[in-house]
Amino acid sequence: MSPADAAVPLARYGVLDQATDADALSSAAAQLRRVGYCVIDAGLSAAELGELSAAFDRLHERYLAVHGAARMAAIDEHNTIRAPLLQGEPWFVRLASWPRMLALVGQLITGRFILNQQNGVINPSGQAYNQGAWHRDLPYQHFVADRPIAVNALFCLDEFRADNGATWVLPGSHTQAAFASDADLKQHAVQVSAPAGAFIVLDAMTFHCGGVNHSPRARRAINHVYAIPHIRQQIGLSAGFAGDGSLSAQQRSLFGLGTEEPRSIDEYLARRGLQ
């Protein structure tokens, strides 16, 4: 029997307290706290995944037409769709507020959280791209917290495989302020495979990067960062949803409506009166 086939021993002694995993989401949350990442199935049907895929391609074509493909390439933005939920495709609003994902984030972030950002991400075939360098989704920050203050949820629109640039993760790096040495990185980094329709979920302080896509097709994903409201949104969402009566109360809270910076003392005091 190989070491990989050996059963994990469960006998113990000297243990006075033990965590319990009531369900799959609790187990995923426990893994993320421990190693900095996990993978969960979103639960989309094949038809829903097809609709979302078509919406992504449709929006990317329109996005480049509106902002200019050459301009986007010049500033290295041609493989990204910023804030797709603000651009008239309902699927992106729906995905950002996907109940299974919000339930997991609710187990990880204490108290209220908001959507800090949503971006469509394309890993092009055989090319370098801006997510191919190691980073945290709260970049330039070198501190650690005893619980997540932000969570990165990368929805796999296509299957993530080693050959098409699946995400690399450095397990446990959310517990270390400094980035690992090159030798440590080479020894401990892992590449995370996931099926289309899954979320790869990370503590936003976990170092990660996209891999090199050696396949003949681009690999697509939709990234979300959920964070405590104290962290400013990448792009303010409230103006884009102003007057939108279709949002639920939960979605209004999630997208940050009501958490905007007060523009005056009177506005600040008025909000205090509503609490």
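Bear in mind these aren't lab numbers, they're just calculated from the coordinates by the rules spelled out. Quantities reported herein were computed from a predicted structural model and do not represent experimental measurements. Cβ atoms come from the backbone with ideal geometry, glycine included; neighbour counts cover every protein chain shown.
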Review point. In the stretch 30-39, is there at least one residue being of a type outside the set (K, R), over 19 Å from the mean Cα position of the chain (by Cα) and outside any helix (DSSP H, G or I)?
Key: no
Exercise for review: Considering every residue within the stretch 42-63, establish whether at least one is closer than 23 Å to Y226 by Cα, of a type in the set (F, W, Y) and in contact with a strand residue (DSSP E or B) (Cβ under 9 Å, 6 or more places away or on another chain).
Suggested key: yes
Point to revise | Residues satisfying the stated conditions in the stretch 246-273, i.e. surrounded by 12 or more Cβ atoms within 10 Å (Cβ to Cβ) and small (G, A, S) | key: S253, G256, G258
Check your understanding: Within the stretch 234-249, can one find any residue that is in contact with a strand residue (DSSP E or B) (Cβ under 8 Å, 6 or more places away or on another chain) and closer than 30 Å to V35 by Cβ?
Key -> yes
Check your understanding: Hey, among the residues in the stretch 218-242 that are of a type in the set (G, A, S) and crowded, with 22+ Cβ neighbours inside 10 Å, which one's farthest from R94 (Cα to Cα)?
Key -> A227
Practice item. Just give me the residues in the stretch 163-187 being surrounded by 14 or more Cβ atoms within 10 Å (Cβ to Cβ) and either part of a loop (DSSP other than H, G, I, E, B) or of a type in the set (S, T, N, Q) (or both), in sequence order. Key: N164, G165, A166, T167, L170, P171, G172, S173, T175, Q176, F179, A180
Check your understanding: When D21 is evaluated against the numbered criteria (1) charged (D, E, K, R); (2) in a loop (DSSP other than H, G, I, E, B); (3) farther than 25 Å from P171 by Cα; (4) free of Cβ contacts under 8 Å to residues at least 60 places away in the same chain, which criterion, by number, is the only one it fails?
Key -> (3)
**Study point:** Residues satisfying the stated conditions in the stretch 24-38, i.e. among the aliphatic types (A, V, I, L, M), under 18 Å from T206 (Cβ atoms) and surrounded by fewer than 18 Cβ atoms within 10 Å (Cβ to Cβ)
**Key:** A30
Point to revise | Hits in the stretch 76-125 - residues which are under 24 Å from A30 (Cα atoms), aromatic (F, W, Y) and surrounded by fewer than 20 Cβ atoms within 10 Å (Cβ to Cβ) | key: W98
Revision key, fill the gap. Restricted to the stretch 230-258 and to residues being assigned to a loop (DSSP other than H, G, I, E, B) and farther than 22 Å from Q87 by Cβ, the residue farthest from the chain's Cα centre (by Cα) is G258
